[in-house]
Structure formats: C-alpha cells, structure tokens
C-alpha cells in the first residue's frame, strides 16, 4: 500500500498528490456536469419520446435523488472495502450508465440509466472526497485541496448549463451523455497509477441495506408527491425518512451511527449545507427559465449568460483558504451565507419584463460568490477531525445532505413557484430561499463553536480536535514556522 502523506509517506507519494487530486476532480466534474446538462435538452428529449413535462422532470431529479440517497451507503462501503476499489467501481458504473443513457430507445430506459448514474456517483464521490481528506491531512492543505475539488465540481454544474444548449443545437441531445464515456475511461486507466492502493480488508460486517433503501425511497416519494401533487406520497416519504432514523438507532451496524451527528462542527455544517444547496438548485433552475421564457434568450445564449456566474464562483473559491486562515471556518461560512442572501434578495425583485444586465446579473454574481465561499467552508467543516475509519462516512454524509438538500429544496421551492402565476412565482420562490439562507446566517455564529482567533487568542470551549472549526488557522500558521 502506498503510504499517505503526513503519515510517514515517501516523497514519491507526496509528489503525486496534485495529479491525483486533478484526476479525482475530473470525474467529479463529470458527475456535477450531469446534474445540469440535461436541463436545456429536456424539450428535445420530450419531443423525441413524446413525453409530457412532468415525466421529463425525473430525468433531472432521478439522478440526484438516487445519488443522494445512496451516498451514505457509498461512504460506508468506501470505509469497509477500500477507497480506490470503490472509486474505480463507481466510475465504471457511471460510464456504462452514460452509454446506456445516450443510446436509450425510450424514456423509461433513459430514466433507469439516470438512476444508475446516480448509483455510480454514490460510490465514486465519497471515495474521492475521503481520499482527498486523507491525502491532505493538514487543515490548511485540506482547505486548499477541497477548494480546488469544490471549484471544479461546481464548475461542472455551470459547464452543464453552457454545454447543454450547444451540444443539443449543434449535435444531438444524446451526446450530452456520450461525452462522458471516453473521459471516464481515461480516468479508469489512470487511477491505478495515481490513486494510493487500498490496504488489506478488515472485518467488514453486514451492510445496512434497509437503511439505504429507506433513505433512497423516502426522498423519492416525497419529491414525487410534491411534483405530482399527491399528498399521500408526501406523507409516505416523511414516514420512510422517520423509519430511517429508527432503523439507524436500532441496528448493530448502521449506515451512519447517529452518534456521528453529535460532533458539533459536522452537524452544524451539514445542516446549513441543506439550506444553501436548496437555494443554489432553485437559483439555477429558475434563472434558466427566466432567461429563456421571459428575456427571450435561446439555449446557447442562456448558457453563455452563466459565464459571469462561473467567473465569480471561481474567484470566490480561490479566496476560501485565505479567508479561513484569516477569520476561521465559521465566519467564512457566514460570509458566504450573507453574500448568497444579497444575491437572492436582488433576484426576489425580478420584474415581469426584466433585462439581463440590470435584473439578473447582479443577483447571479452575488449567489455565485456566496456559494463559492459558503459551500467550500462548510465542506471543510463537515470533514473536520476525520480519520481513516470514518472519512468515507463523513464524506458520504456531506455529499448526501448537499444533493438531497438541493433536490428537496428544488421540489419544494419550484412547487411554490408554480402555485403563483407568472414571474410572481419566481419572486416568491426566491423569497423563501432567501428566508432560509438568512436564518442560517443569523444563527450560525451562535450555534457553531467559536473559531480560534488568528492573532493567537484563546481557543474555544472544548478540545481542539473536536470543537474547533477554526483549526485550519493553526495549520496555516504552522506552515509559516509558528503555531496558533
């Protein structure tokens, strides 16, 4: 087994960390890209298969719901069976599912392939994230690595919007899935050369398959009930999610031990991530519709309109590590929430006939900056204090709350928007998203542990290993020859 850096690893392993990070990020880019790449192509898919709009919505939400529901199982399997093994298996499943989606003869086959893509993500994504956490054990290094990984991941969301219209118009909608195959094959060929090999398997114990089934079925029922206006399905989804908590509390080998959520830093970070992800998904979806249906942009122009969003996002992400070193994780995340709230407040005043430069662009940039800073800071906090024993679980929880929060938030907020006529519905949805983000920004500094002061102030209550979200400050200072 190749030694991990920071734990007596050989220089050769250390030298490979950045190429390994690039490879892990490349697959995550494709995984994130497939969240949004279908949006602009949906009318073409519906026309070819003669499918109604409500059925087409499952091409989008099916991928994220299955992926989010199985991510905790993926994180657990990663810890038990090996990170590189699960990364390779997830990548292979994603490639095969993409090939089937591109060649799908009908809509049910396409939706089934999207479910399989989500299952591939559920294996590969927590494996990649936990590998990064272990390859970069120092807090300051980890913040930078997660910043790169997160920037590329969110860049995939933006690239999906940009490429969807171009590929659909110049080639065919099937190519939005076909392009995944050769790139994923390249990842599969390079991973054995770069990713550290797994050690011998320990005692695995049984997997919590009932818990995984409940966590997947619950959100699926919940979203189905909201989209199709079926109250009994909404109630069934809530019951299934409650049953998941009961199963996890009673099983001897839970999917994720409930004691995991007693870690204050991680629990707060994951809770706030739900609200932030819900706002991001809503902004993507509604802005895409507003640009095309209200302003009158075509698919390629609507995609290009997100370029400033992408630029602001990457600029914000590039500063996250510096901000964490200066003010700590809690206040960095709060800053991201404040910027997001400012952007949502601007979008909540969208006029019935607006313009891109005045009515969309300022809010879009504010949301991008806030998301770039906030989500990366929260990712860093969600992996605080992980070890080789629980890195996969922590990564799976973080990715799961991110995706399920986005999917459920999108269903609820867009459902609110469709209940109100015209652009007024957009404004209402943005107001609800704003309320959630503002609430998180107000309470986060009070419920999250206090950060260690960069200037050498007193540490917060509790031990640093368990209660200090500002621990990256210490790592940053040590790299300069001193300790915080």
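The values are calculated or read from the model by the stated rules, or taken from the named source; none is laboratory data. It should be emphasised that the depicted structure is a prediction, and the values quoted were computed from it without experimental measurement. Positions of Cβ are backbone-derived with ideal geometry, glycine not excepted, and every protein chain shown enters the neighbour counts.
Listed here are the residues, each with its yes/no results for (1) within 24 Å of residue 423 (Cβ to Cβ); (2) surrounded by fewer than 18 Cβ atoms within 10 Å (Cβ to Cβ); (3) over 16 Å from the mean Cα position of the chain (by Cα).
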| position | (1), (2), (3) |
| --- | --- |
| 269 | no, no, no |
| 283 | yes, no, no |
| 295 | yes, yes, yes |
| 311 | no, yes, yes |
| 317 | no, no, no |
| 321 | no, no, yes |
| 324 | no, no, yes |
| 332 | no, no, yes |
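Tell me yes or no: at least one residue of region 399-414 is at pLDDT 65 or above, surrounded by fewer than 22 Cβ atoms within 10 Å (Cβ to Cβ) and farther than 23 Å from residue 61 by Cα. For region 399-414, residues at pLDDT 65 or above, surrounded by fewer than 22 Cβ atoms within 10 Å (Cβ to Cβ) and farther than 23 Å from residue 61 by Cα: absent. Filtering 241, 258, 276 for residues that are touching a residue at least 12 places away in the same chain (Cβ under 8 Å) and exposed (fewer than 13 other Cβ atoms within 10 Å of the Cβ) leaves a single hit, 258. Exactly one residue among 215, 207, 289 is within 21 Å of the chain's Cα centre (by Cα) and either modelled with pLDDT under 90 or within 30 Å of residue 423 (Cβ to Cβ) (or both), and that residue is 215.
Regarding residue 225, is this residue at pLDDT below 90 and within 22 Å of residue 63 (Cβ to Cβ)?
Criteria met by residue 225.
Here residue 293 passes the criteria (1) in contact with a helix residue (DSSP H, G or I) (Cβ under 8 Å, 6 or more places away or on another chain); (2) part of a helix (DSSP H, G or I) except the one numbered (1). Given the structure, is residue 420 within 30 Å of residue 295 (Cα to Cα), at pLDDT 75 or above, in contact with a helix residue (DSSP H, G or I) (Cβ under 8 Å, 6 or more places away or on another chain) and in a loop (DSSP other than H, G, I, E, B)? Taking the combined requirement at face value, the residue satisfies it. Among the residues of region 197-214, is any touching a residue at least 12 places away in the same chain (Cβ under 8 Å) and farther than 30 Å from residue 91 by Cα? Scanning region 197-214 turns up no residue that is touching a residue at least 12 places away in the same chain (Cβ under 8 Å) and farther than 30 Å from residue 91 by Cα.
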